[in-house]
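Chemist: The structure is given below, and queries will be raised subsequently.
Just so you know, all these numbers are worked out from the coordinates, no wet-lab data involved. Note that the structure is a prediction, hence the values are computed from the model and not measured. Positions of Cβ are backbone-derived with ideal geometry, glycine not excepted, and every protein chain shown enters the neighbour counts.
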Amino acid sequence: MAVYLNPGEKRFLEAVHSDIYVDKTEMILYLNHIAQTEQKYMCVSRPRRFGKSMAANMLVAYYGQGSSRELFEKRKVAGHGGWDRYLNRFDVVRVVMTDFIKENKDVETSLLKMQKLIVRDLKKKYPDVDYFDTEDLIQSMYDVYDETRKPFVIIIDEWDVVFRDCKEDRDGQKIYLDFLRDWLKDKEYVALAYMTGILPIKKYGKHSALNMFREFSVIAPMQLAEYTGFTEDEVKELCEKYGREYDRFKEWYDGYAVSDVVPPDPNYEIQKSTGKQPEQKHFFLYNPVSVVEAIINGIIQNYWNKTETYEALAEYIRMDFDGLKEAVSLLMDGGRVKVNILKYQNDMTSFYTKDDVLTMLVHLGYLGYDADAKEVFVPNREILDEFHNSTESADWIETFRSFRKSQELLKATWERREEKVAELLEWFHDTAENKTYHSEAALSYAVQMAYYAAQKYYTTIQELDSGKGYCDLVYLPSPRNPEKPVLLIELKYGKTAETAADQIRARNYPQKLEHYEGNILLVGINYDREVSNEGEKYKHHSCVIENA
C-alpha cells in the first residue's frame, strides 16, 4: 500500500484489536448517505483525545481500495441494510497535515512537498495514465479520474494545524485555505471530503474560502453527535464489562452535552395530526481517552495532562479581557456563564472579548456548552482539576479573594444580615480601581460586580418595569435553583437605604413577581459619599433587607 493513496486498514485494525474498542462504525451510514451529493464536504472539529484520528482511519479502511469486508462484517454498521454500498469502492487520499505544516516553515513549500508525494502515489498505481503535468496535483487527479471514472474520498486529519502552530503567519494561512479550496471545491473527482481538526473553519471577512463545507463541531455536532465521544450507555457497558464503578467515571469524565438534529419528516402531515413529531436526541459525552486509561489502569484521575500541560489553559484564561477572570472563578465554583459564540473567528489569535476566549475553550474541550441556554460550564472533575492547576499563580490570588467575598455577600443577603452586607459592599468599593461612585448608574455597576457570585444561582434583570416605575436590579432564581429567594434591589445615591426600601414597597414591585410570593427579599442599598471618615466603623454604604 502507498503512504497517501489507499494506505489500507492497518491503523483501524490496531484500534479494533486494542484492549478497549468502542464501535462507532454506524457513522459510516451517514457518510454513505451524503457521498457523491452536494453535501459531500464535511469538517469535523473536536477537542484532542476525542477519537478524530481513529474515525479517519476507519473511513480509510472502509472506502479505500482493498479487501476489508471481513473486518466490517463484524462491526455494528453491518447490521444495517445497504451498509456495504461504498465498501472498498473509492481511491482514498489520506493526509495528516501535521506531517507537513510546521512552525517556522514556509507553508507554500510544505504544500508543494505534500502534492508531489500524493502525485507519486498516483503514478505508482496508475502508471499508464496520460498525465499532463505531474507537478500539478489537481490536474493529475483529474487525469486519473478521466481515465478511471472513479472518484476520490479525500480525508484530511489535523486540517487546522496552520492556525494552531503557525498562529501569526496570516499570509501562510490564506495560502493554505486557498489551496484547499482549489483542490476540493466543485471538483468532479471528489466523492467525499472529510476534514478533522480541533478548530472549526477559519473566518476571513465576510466570506470563507471553504464555504462548501458543512461543519460538525463539538458545539453543534448535528448528525455526528453520538460519535463525538463515548456516550453514557457505552461507558456503562465498559464499566460493567471490566468491573469499574460507573458513578465515579461519570463524576470525572462526563459532562459534554450535545444534541443532534431534528430529522426531516417525510410523513409530516400524518404526524402533525397525531401530535408526534421527530425529536432531537441529546447525549452526554465522555472523554474517550481518559475513560480508556481509567478502565485499563483502574485508577480514576486526571489523564488530560498527558496530552497537554496546564500552561496551555493558563495562557488563555489570564488574558486581559474585562470580566474573564471573574467568569473563570464563577465557572470553577460550578456556575455557568452566558456566551455569544457567533463572533469567534475560529483561530487562536483573534480574541476581542472574553466570549471569544470562552468559545475557544469549548472547542479545546476545557468547557462544555449548553446550546439551549447558550451557557458554558466546566464539564467534569478532570477539567476542573486542570483549571485548578492553571490558576495557582500569584496573579489569581486577588480574583479568588474577590469571588469569595462575593459569595460571602450573597450569603449575608440571604440571611438578612444588613450590617454585613453594607460592610462587604464597602470592601468592594475600597478595592475598586475607581474609589468613588459618581452616580446611581455607577453604583449599579459596582453592586452588580459585588454580587458576581450570584450568577451561579440567578438570572440578572436590570430596570424591571413594575408599571409604576423600575426596580434597579432583580435577581431571579434559575430553573436549577428554584429554592433561592428573589432579590429585589433598589439603589439610592446620597439618600438612605430606608428610602430605597420604601420605594420598592410604594411601587409594589413584588406584584410583578407574584408567583414567587413568600420567597422574595427586598434589598435597599444607599451610597452616601458625604459620610465622615472619622472613626473605624464609618461606611459609605447602608443596607435594609426585608421579606416582601
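Chemist: Say R0 is 25 Å: what FRET efficiency, to the nearest 0.05, do Ser53 and Arg480 get from their beta-carbon distance? Mind dumping the intermediate values first?
Modeler: Working: r = 37 Å, r/R0 = 1.46.
Once the sixth-power term is evaluated, E becomes 0.10.
Chemist: Give me the extension gain from Glu514 to Tyr30: residue separation times 0.36 nm, minus the current Cα-Cα distance, reported in nm with one decimal.
Modeler: Gain in length upon complete extension: 169.2 nm.
Chemist: Moving on to the next point. Just going by the charge dipole of the chain, with Lys and Arg at +1 and Asp and Glu at -1 on Cβ, which of Ala55, Leu521, Thr109 is farthest out on the positive end?
Modeler: The residue sitting most towards the positive pole is Ala55.
Chemist: For the stretch 10-216, what proportion of DSSP beta bridges, expressed in % and rounded to the nearest 5, is antiparallel?
Modeler: Of all bridge pairs located within the stretch 10-216, approximately 5 percent are antiparallel.
Chemist: Just going by the charge dipole of the stretch 1-147, with Lys and Arg at +1 and Asp and Glu at -1 on Cβ, which of Tyr126, Leu87, Gln36 is farthest out on the positive end?
Modeler: Checking the options against the dipole of the stretch 1-147, the answer is Leu87.
Chemist: Let me ask something additional. What is the antiparallel percent of DSSP beta bridges lying wholly in the chain, to the nearest 5?
Modeler: Numbers: 29 of 56 bridges.
Antiparallel bridges make up about 50 percent of those DSSP assigns within the chain.
Chemist: Quick check for you: which residues of the stretch 322-350 have the amide N under 18 Å from the point 7 Å beyond the Cα of Lys174 toward its beta carbon?
Modeler: 345-350
Chemist: Please give the FRET efficiency for Asn305 paired with Asp502, using the beta carbon to beta carbon distance and R0 = 60 Å, rounded to the nearest 0.05.
Modeler: Rounded to the nearest 0.05, the efficiency is 0.60.
Chemist: Hey, another quick one. Under a crude label model (7 Å from the Cα following the beta-carbon direction), how far is Thr353 from Met449 in nanometres?
Modeler: It works out to 1.9 nm between the two label points.
Chemist: Okay, moving on. Once you put a point 7 Å from the Cα of Leu112 and another 7 Å from the Cα of Glu70, both along the Cβ direction, what distance in nm separates them?
Modeler: 4.6
Chemist: Could I ask something else about it? Among 166-172, 222-228, 127-133, how do they line up from the highest to the lowest mean number of other beta-carbon atoms within 10 Å? Can you show the working numbers first?
Modeler: Numbers: 166-172: 15.1, 222-228: 20.9, 127-133: 11.0.
Highest mean packing first, the order is 222-228, 166-172, 127-133.
Chemist: Rounded to the nearest 0.05, what FRET efficiency do Ala312 and Lys185 give with R0 = 45 Å and r taken as the Cβ-Cβ distance? Could you check?
Modeler: Efficiency for this residue pair is about 0.85.
Chemist: Quick one: Kirkwood hydrodynamic radius for the chain, alpha-carbon pairs, angstrom, one decimal?
Modeler: 26.9
Chemist: Show me the ranking of peptides 77-85, 471-479 by mean Cβ neighbours inside 10 Å, starting with the highest.
Modeler: Highest mean packing first, the order is 471-479, 77-85.
Chemist: Using the basic label-point model (7 angstrom from Cα toward the beta carbon), what is the Asp322 to Tyr142 distance in nanometres?
Modeler: 5.4
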